[in-house]
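Peer 1: Structure below; questions to follow.
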Amino acid sequence: MTKTFHPPHSTVPVWDLPIRLFHWSLVAAIAIAFASSEEASPLAPWHMAAGYVAAVLIVFRLCWGFIGNAQARFANFVKPAAVLPHVRELLAGRPRRTLGHNPLGGLAVLALLVGTATVVGTGIQMTTGGGNEDLHEILAFSLLGLIVVHVIGVVVMSVLTRDNLARAMVTGRKPGPGMRFAHEPCVRRVMANLAALMIVGLSVFGITRYDRDAFMPGSREEAEHAKHHASASALRIVGQDDHDED
């Protein structure tokens with residue numbers, strides 16, 4: 001793996017296609033999940049499907065954090081020791097440009113992954129008649145707060161470093177002056193992409209084994225039915241116990 005400096009007016013590859021597809025697909029899944037959270041919403045039948053899509057994406061990102069390109073790997077951007085120096089630079093208004101995620105950005109990625117996973121997990125629990133709807137909603141709005149903070153961070157860093165971070169997540173490239181990046185061997189990229197497809201396929205297979213209609217509209221109604229059925233069963237059991245005591 002070789003490293004290369006690029007001259008002025010050039011751009012360098014930063015985010016590979018799998019990461020960009022993951023990012024914008026997760027944005028869409030979360031947006032649909034929030035837009036469909038009310039029963040009166042015309043998108044309500046897609047609420048659970050959006051959650052399952054988010055689950056597949058989270059599994060993919062966790063795996064891609066080990067097998068993806070240099071900027072996608074956790075080892076290259078999860079650096080707690082670098083957070084404090086980065087904060088000092090940020091407060092001074094002179095944060096250093098980074099090829100991939102900066103130290104705070106790396107923490108934000110982890111927080112968003114964990115936040116999304118907990119929201120999805122509590123939502124899936126509700127399909128069995130268990131789970132806690134209030135907890136699910138609290139976690140969902142907490143995730144929304146994290147997203148707002150993340151967007152503000154992206155805007156601030158884009159202004160201070162003069163790198164359009166949102167555009168980079170669309171094009172996959174950043175301005176090259178002074179940037180050093182590692183060339184990924186072609187064979188490694190191909191193997192990683194094949195592994196990613198397998199991971200996504202296995203995730204979809206596993207979810208459809210759990211819920212055959214997971215990615216179809218209407219799963220929300222089935223979840224609500226399961227919840228009401230579980231509540232009714234619990235009431236019957238309590239009532240039977242009271243009757244037996246009498």
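The values are calculated or read from the model by the stated rules, or taken from the named source; none is laboratory data. Just so we're clear, the structure is a prediction, and the values are computed from it rather than from any experiment. Here the Cβ positions follow ideal geometry from the backbone for every residue, glycine too, while neighbour counts run over all protein chains shown.
Peer 1: Working only within region 92-111, note down all residues that are over 25 Å from HIS183 (Cα atoms) and either touching a Phe, Trp or Tyr at 6+ places or on another chain (Cβ under 6 Å) or outside any helix (DSSP H, G or I) (or both).
Peer 2: ALA92, GLY93, ARG94, PRO95, listed by residue number.
Peer 1: Let me ask something else. Report, by residue number, each residue of region 75-91 that is within 18 Å of GLY153 (Cα to Cα) and part of a helix (DSSP H, G or I).
Peer 2: PRO80, ALA82, VAL83, LEU84, PRO85, HIS86, VAL87, ARG88, GLU89, LEU90, LEU91
Peer 1: Additional query: Test VAL114 against the criterion of being modelled with pLDDT of 90 or more, buried (at least 18 other Cβ atoms within 10 Å of the Cβ) and either of a type in the set (D, E, K, R) or in a helix (DSSP H, G or I) (or both), and give yes or no.
Peer 2: No; evaluated as a whole, the condition is false for this residue.
Peer 1: Which numbered condition trips up GLU184, out of (1) over 27 Å from HIS47 (Cβ atoms); (2) of a type in the set (Asp, Glu); (3) surrounded by 13 or more Cβ atoms within 10 Å (Cβ to Cβ); (4) at pLDDT below 55?
Peer 2: (4)
Peer 1: List pairs: first residue in region 1-29 and part of a loop (DSSP other than H, G, I, E, B) and surrounded by 15 or more Cβ atoms within 10 Å (Cβ to Cβ), second residue at pLDDT 95 or above and aromatic (Phe, Trp, Tyr) anywhere in the structure, Cβ distance under 8 angstrom, at least six positions apart or on different chains.
Peer 2: Hits for this filter: zero, empty list.
Peer 1: Still on this model: Are there any pairs with C-beta distances below 8 angstrom linking a residue in region 122-134 that is within 13 Å of MET48 (Cβ to Cβ) and touching a residue at least 12 places away in the same chain (Cβ under 8 Å) to a residue that is of a type in the set (Asp, Glu) and not in a loop (DSSP other than H, G, I, E, B), with the two at least 6 apart or on different chains, and if so which?
Peer 2: Every condition considered, the pairs that remain are MET126/GLU133; THR127/GLU222.
Peer 1: Tell me, please, whether a residue that is surrounded by 16 or more Cβ atoms within 10 Å (Cβ to Cβ), of a type in the set (Val, Ile, Thr) and touching a Ser or Thr at 6+ places or on another chain (Cβ under 9 Å) can be found in region 126-140.
Peer 2: Yes: one or more hits.
Yes/no matrix, rows are residues, columns are (1) part of a helix (DSSP H, G or I); (2) more than 30 Å from TYR210 (Cα to Cα); (3) in contact with a Leu (Cβ under 6 Å, 6 or more places away or on another chain):
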residue: ILE124; (1), (2), (3): yes, no, no
residue: ALA140; (1), (2), (3): yes, no, no
residue: ILE147; (1), (2), (3): yes, no, no
residue: HIS150; (1), (2), (3): yes, yes, no
residue: VAL154; (1), (2), (3): yes, yes, yes
residue: ASP163; (1), (2), (3): no, yes, no
residue: VAL170; (1), (2), (3): yes, yes, no
